[in-house]
Each structure stands twice: as C-alpha cells, then as structure tokens.
Amino acid sequence: VSTFNIVIVDDYPAFGDKLATLLETVPGVKVVGRAQDAASGVDRILHLLPDAAIVDVRLPDGTGFDVLTAVKQKAPQIAVFVMTAFTDAEYAALSQKLGANFFFHKSTGLRDMLEAVRKLAIGRRES
C-alpha cells in the first residue's frame, strides 16, 4: 500500500496541527511537511513533491494563490487544495481558475475536504 503524502501550508500552527491530525485519520495518508508562509510553502512542496498540498489563502508573505500558481507551473501533478476562513465567493472562483483541485472553508468544509483526500488517495493506490 503506497502512502498518500500531503504538505500543509498555514500560518496558524494550532489549525495546522488539527488539520494534520484529521488528515492522518484517513488510511494511507501522511502529512510529510508543513510551512507557515508562501515562500517556504512553495519550497517545501517542490522539494518534497507530495501527492497533495493544502494551502491557506491568507499567508504572511503572500497568498495561497501564489503557492497554487507556482506549484501548478512546476509540478502540475500535485493536487492543490485551497482553504480559507473567509466567506468570499471570489476566492472559490479564483481557486478554480488557477487550477486548484479543491476549495474549502476551514470551519464548514473539513468533512468534504477529508472525503476528497480519501478519494484521491484511493485513486492513487488503484492506478
């Protein structure tokens, strides 16, 4: 059974901890890296080449959209999930336009995000 590796990019460590704990309840999923800003997030993702990255929209040195764009340009095979704590339809639309695989709200979308990760992980194991 292969592992489905994920990198989390979020500037709030407590939420990153919660997210990592939740993600690792999905069989075969492992959080292999974390970053708290856009620059180190891009570096970590492109160095580790995980199956997926989960990226917050608002980061201290840029946005999750910067991370999404950089990752999709250099490693388009990586699934990028964009998350936000803000209810802004423009964020969802921009995420989709820039090639995000999934967009979710931090407080209401965790269950849907976990299901999407589960499906991706199963799909990768079966291919």
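The values are calculated or read from the model by the stated rules, or taken from the named source; none is laboratory data. Bear in mind that the values here come from a model prediction, so they are computed numbers and not experimental data. FYI the Cβ positions are ideal-geometry reconstructions off the backbone, even for glycines, and counts take in every protein chain you see. Heads up: the accessible areas ignore ligands, DNA and RNA and are worked out on the full protein's heavy atoms, side chains in. Shrake-Rupley method; radii C 1.70, N 1.55, O 1.52, S 1.80 Å.
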Restricting attention to the stretch 30-45, does a residue exist that is assigned to a loop (DSSP other than H, G, I, E, B) and in contact (Cβ under 8 Å) with a residue 60 or more places away in the chain? no
Name, by its number, the condition in (1) in contact (Cβ under 8 Å) with a residue 12 or more places away in the chain; (2) open to solvent by 90 Å² or more (accessible area, probe 1.4 Å); (3) touching a strand residue (DSSP E or B) at 6+ places or on another chain (Cβ under 7 Å); (4) not hydroxyl-bearing (Ser, Thr, Tyr) that does not hold for Val80. (2)
Candidate set: the stretch 96-109, residues that are open to solvent by 70 Å² or more (accessible area, probe 1.4 Å) and over 18 Å from Asn5 (Cβ atoms); chosen: the one nearest to the chain's Cα centre (by Cα): Gln96
Being crowded, with 19+ Cβ neighbours inside 10 Å, modelled with pLDDT of 95 or more, acidic (Asp, Glu) and within 15 Å of Ser107 (Cα to Cα) narrows it down to one residue among Asp51, Asp56, Asp17; which is it? Asp56
So which of Asp66, Asp112, Asp61 ends up being free of Cβ contacts under 8 Å to residues at least 60 places away in the same chain, open to solvent by 60 Å² or more (accessible area, probe 1.4 Å), acidic (Asp, Glu) and within 17 Å of Glu24 (Cα to Cα)? Asp112
